[in-house]
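**Q** Quick one: the structure is below, and I'll ask about it shortly.
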Amino acid sequence: MKNLLSMEHLTNEEILHILDRAQAFENGEQPQVVRSYNVANLFFEPSTRTKTSFEMAERRVGCTVIPFDAGFSSALKGETMYDTVKTLEMIGMDAVVIRAKEDEYYNELLEGIDCAVINAGDGAGQHPSQSLLDLFTIRKEFGTFKNLNITIVGDITHSRVAKSNASALTRLGANVRFLCPEEWAGDFEAAHSWEDVLEDSDVIMLLRIQHERHAVSKNFSKDGYHDEFGLTAEREKRMKTGAIIMHPAPVNRDVEIADELVECERSRIFQQVRNGVYARMAILETILKGRK
């Protein structure tokens, strides 16, 4: 595996290998990286969890992390993504981790770039490392994906998390459903009422409303969205025994989820953050081990 660009590019076997390695790291196994590699994190959109999680994972697998500040880079002078990455490759980068606002920005890097490219989120396209940590979280909880009812709730059409998870989870045997306002379903068939999905869901995965990606924002008040599509305390009480709550974060409390549920017994929201370090260690090890 040279790059990680999209969940669509991974086989089921590759997904399960990464999950197995993530579990091994959580169990205390040391990474099998043969030398120190140079890695730079190019984040052209804001990030807390993904950026710091990758930095922690890079250090844990023995990489040298080279600082890169997108706000002071030559991209502000009009430099293309290709030229930025090629420059870093020539300086000595073995891998770059990139988040950008453009969908499939990585297509211009597929020829002429030899360093590994790890997609940390492309516009409303894909977020493969988030999907892998979500899969890791779910498998730790249930031991399998087969026949699980997984309901993804919120801004589906603009969510790279929804698209990445829908693809991978379906291939692994889960039953993926969506709940959202009608105009936010995009290419997916979705329910528009909690009554259709609440009581038989094994996993409820909530999404933030991505106002920055809406040309025209849906006219929901904070309370209006929470009442209609948010996971309220009343709805949580009707969830099935053993069901869990997930969210890729950042969380807007009392919008997509009631404040009191963010750290309730069912919630795995902060465990997802912790699991992200192990998943990203597994991604880095898998990619870097294949480099000469």
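**Q** Take the range 59-83 and flag every residue that is assigned to a helix (DSSP H, G or I) and either of a type in the set (S, T, N, Q) or more than 25 Å from N107 (Cβ to Cβ) (or both).
**A** Answer for the range 59-83, where residues must be assigned to a helix (DSSP H, G or I) and either of a type in the set (S, T, N, Q) or more than 25 Å from N107 (Cβ to Cβ) (or both): R59, R60, F72, S74.
Okay, residues lined up against (1) touching a Pro at 6+ places or on another chain (Cβ under 6 Å); (2) without any contact (Cβ under 8 Å) to a residue 12 or more places away in the chain; (3) closer than 23 Å to L10 by Cα; (4) among the β-branched types (V, I, T):
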{"site": "Q32", "(1), (2), (3), (4)": "no, no, yes, no"}
{"site": "S53", "(1), (2), (3), (4)": "no, no, yes, no"}
{"site": "A57", "(1), (2), (3), (4)": "no, no, yes, no"}
{"site": "L76", "(1), (2), (3), (4)": "no, yes, no, no"}
{"site": "T84", "(1), (2), (3), (4)": "no, no, no, yes"}
{"site": "L88", "(1), (2), (3), (4)": "no, no, no, no"}
{"site": "V97", "(1), (2), (3), (4)": "no, no, yes, yes"}
{"site": "L110", "(1), (2), (3), (4)": "no, yes, yes, no"}
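**Q** Can you name the condition, by its number, that R59 falls short on among (1) in contact with a helix residue (DSSP H, G or I) (Cβ under 9 Å, 6 or more places away or on another chain); (2) at pLDDT 95 or above?
**A** (1)
**Q** Would you confirm whether any residue within the range 121-137 is over 20 Å from N165 (Cα atoms), at pLDDT below 95 and either surrounded by fewer than 23 Cβ atoms within 10 Å (Cβ to Cβ) or outside the structural domain of V33 (by TED's automatic domain parsing) (or both)? Spell out how you get there, then give the answer.
**A** Taking the range 121-137 as the starting set, the residues that turn out to be over 20 Å from N165 (Cα atoms) are none.
Scanning the range 121-137 turns up no residue that is over 20 Å from N165 (Cα atoms), at pLDDT below 95 and either surrounded by fewer than 23 Cβ atoms within 10 Å (Cβ to Cβ) or outside the structural domain of V33 (by TED's automatic domain parsing) (or both).
**Q** Where residues in the range 5-56 are of a type outside the set (S, T, N, Q), outside any helix (DSSP H, G or I) and under 23 Å from D69 (Cβ atoms), which of them is modelled with the lowest pLDDT?
**A** Only one residue fits best here, namely P46.
**Q** I need the full set of residues from the range 1-51 which are more than 24 Å from L110 (Cα to Cα) and hydrophobic (A, V, I, L, M, F, W, C), in order please.
**A** Once the filter is applied, which keeps residues that are more than 24 Å from L110 (Cα to Cα) and hydrophobic (A, V, I, L, M, F, W, C), the range 1-51 yields L16, L19, A22, A24, F25, V33, V34.
**Q** Only one of these is crowded, with 19+ Cβ neighbours inside 10 Å and of a type in the set (S, T, N, Q): S47, S36, S53, S74. Name it. Walk me through it before giving the result.
**A** On the way: S47 fails: crowded, with 19+ Cβ neighbours inside 10 Å; S36 fails: crowded, with 19+ Cβ neighbours inside 10 Å; S74 fails: crowded, with 19+ Cβ neighbours inside 10 Å.
On inspection, the qualifying residue turns out to be S53.
**Q** Scan the range 59-74 for residues that are farther than 17 Å from A282 by Cα and either of a type outside the set (D, E, K, R) or touching a residue at least 40 places away in the same chain (Cβ under 8 Å) (or both) and report the count.
**A** Going through the range 59-74 one residue at a time, the tally reaches 8.
Residue-by-condition table, conditions (1) under 15 Å from the mean Cα position of the chain (by Cα); (2) not charged (D, E, K, R):
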site: F142; (1), (2): no, yes
site: F145; (1), (2): no, yes
site: L148; (1), (2): no, yes
site: D155; (1), (2): yes, no
site: R160; (1), (2): yes, no
site: K163; (1), (2): yes, no
site: L169; (1), (2): yes, yes
site: N175; (1), (2): no, yes
site: W184; (1), (2): no, yes
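**Q** May I ask you to say which residue of N175, N165, N149 is touching a Ser or Thr at 6+ places or on another chain (Cβ under 7 Å), surrounded by fewer than 20 Cβ atoms within 10 Å (Cβ to Cβ), modelled with pLDDT of 95 or more and under 30 Å from E104 (Cα atoms)? Working first, answer last.
**A** Numbers: N175 fails: touching a Ser or Thr at 6+ places or on another chain (Cβ under 7 Å); N165 fails: surrounded by fewer than 20 Cβ atoms within 10 Å (Cβ to Cβ).
Going through N175, N165, N149 in turn, the sole match is N149.
**Q** How many residues are farther than 30 Å from D155 by Cβ, of a type in the set (A, V, I, L, M) and assigned to a loop (DSSP other than H, G, I, E, B) if we restrict to the range 85-127?
**A** 2
The values are calculated or read from the model by the stated rules, or taken from the named source; none is laboratory data. Just so it is clear, the model here is predicted, and its values are computed rather than measured. Note: ideal-geometry Cβ built from the backbone for every residue, glycine included; neighbour counts use all protein chains shown.
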